[in-house]
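The values are calculated or read from the model by the stated rules, or taken from the named source; none is laboratory data. Worth saying up front: this structure is predicted, and the values here are computed from it rather than measured. All Cβ positions, even for glycine, are placed from backbone atoms using ideal geometry, and neighbour counts span all protein chains on display. Note: accessible area is taken over every heavy atom of the protein model, side chains too, but ligands, DNA and RNA are not part of it. Shrake-Rupley method; radii C 1.70, N 1.55, O 1.52, S 1.80 Å.
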Amino acid sequence: MPHTWITECLELYNINRTLRAFIANLMRLWKTTLEANGKPLSKVTIKCGIYQGDALSPLLICIGLNTLSQIISNTGYGYRLWNGATISHLHYMDDIKLHAKNEWDNDSLIHTTRIYSTEIGMSFGLEKCSRMVTKRGKLVYTEGVFFPEGTIGDIEDSYKYLGIPQANGNLEEETRKVATAKYPRRVRQVLRSQLIGKNKTQASNQIPSRNLKVAKGGDTDHRC
């Protein structure tokens, strides 16, 4: 995500002027060192992207992509659930999953997301995208979605969203077994870290152990 878009969003959401200036000046100082064979070559200024693992990064990327969520919601597309609610997308950081009632509406949401990414100068990542079309619970294979940059193909089997297997039947039990196996290992990693006791307790309590519920039964599903 370009830093110019982050600063523009901070102004768009009327963030305090002093705080905006602080974040903008902070991003200008972001640098990294290129190395070869263990020897430093030169320092490079980071003008695009944010630091992974930094405490401020999740907030910045959410601010930068929140407008996309609003745009998708305003299109009016989506899949209507049995309780009357309409779901058009699931958004977690830079992962987005689009839902629509038919293939054409779904393609429109995909193009909207692509246009947004292009306009703000953020890579769309076609190689990480895929689409799933279902009718009456069965997969329907199509020719995919075509862009000047390439094609988004259809899912042929199951896939993962936020690390959880989806599609191709109910995989809740399998997901539960995988989470149960990973949880103790992650707790051990936290306990072996250099964090103080209070932070270790807080980190352990934040390890994801929830089940992600995904709407099913729609005619069209796209994961990007």
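Condition test on LEU41, is it more than 23 Å from the chain's Cα centre (by Cα), more than 22 Å from TYR116 (Cα to Cα) and among the aliphatic types (A, V, I, L, M)?
In short, yes.
Those residues that are exposed (fewer than 14 other Cβ atoms within 10 Å of the Cβ) and either within 23 Å of MET122 (Cβ to Cβ) or among the hydroxyl-bearing types (Ser, Thr, Tyr) (or both), I need them from region 35-47; list them, please.
Across region 35-47, the qualifying residues are SER42, VAL44, THR45, LYS47.
Every residue, every condition in (1) surrounded by 12 or more Cβ atoms within 10 Å (Cβ to Cβ); (2) in contact with a Cys (Cβ under 9 Å, 6 or more places away or on another chain), yes or no:
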| position | (1), (2) |
| --- | --- |
| GLY49 | yes, no |
| GLY53 | no, no |
| CYS62 | yes, no |
| THR67 | yes, yes |
| GLN70 | no, no |
| SER73 | yes, no |
| ASN83 | no, no |
| THR86 | yes, no |
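Among the numbered conditions (1) surrounded by fewer than 18 Cβ atoms within 10 Å (Cβ to Cβ); (2) part of a loop (DSSP other than H, G, I, E, B), tell me where MET122 comes up short.
(1)
For residues in region 5-30 being more than 17 Å from ILE50 (Cα to Cα) and outside any helix (DSSP H, G or I), which is least open to solvent (accessible area, probe 1.4 Å)?
Per the stated criteria, the residue is ILE15.
Considering only region 89-100, how many residues are surrounded by fewer than 19 Cβ atoms within 10 Å (Cβ to Cβ) and in contact with a Ser or Thr (Cβ under 7 Å, 6 or more places away or on another chain)?
Qualifying residue count for the region: 1.
I'd like the full set of residues that are aliphatic (A, V, I, L, M) and not in a loop (DSSP other than H, G, I, E, B), limited to region 50-83.
If the condition is that a residue be aliphatic (A, V, I, L, M) and not in a loop (DSSP other than H, G, I, E, B), then LEU59, LEU60, ILE61, ILE63, LEU65, LEU68, ILE71, ILE72 are the ones that fit.
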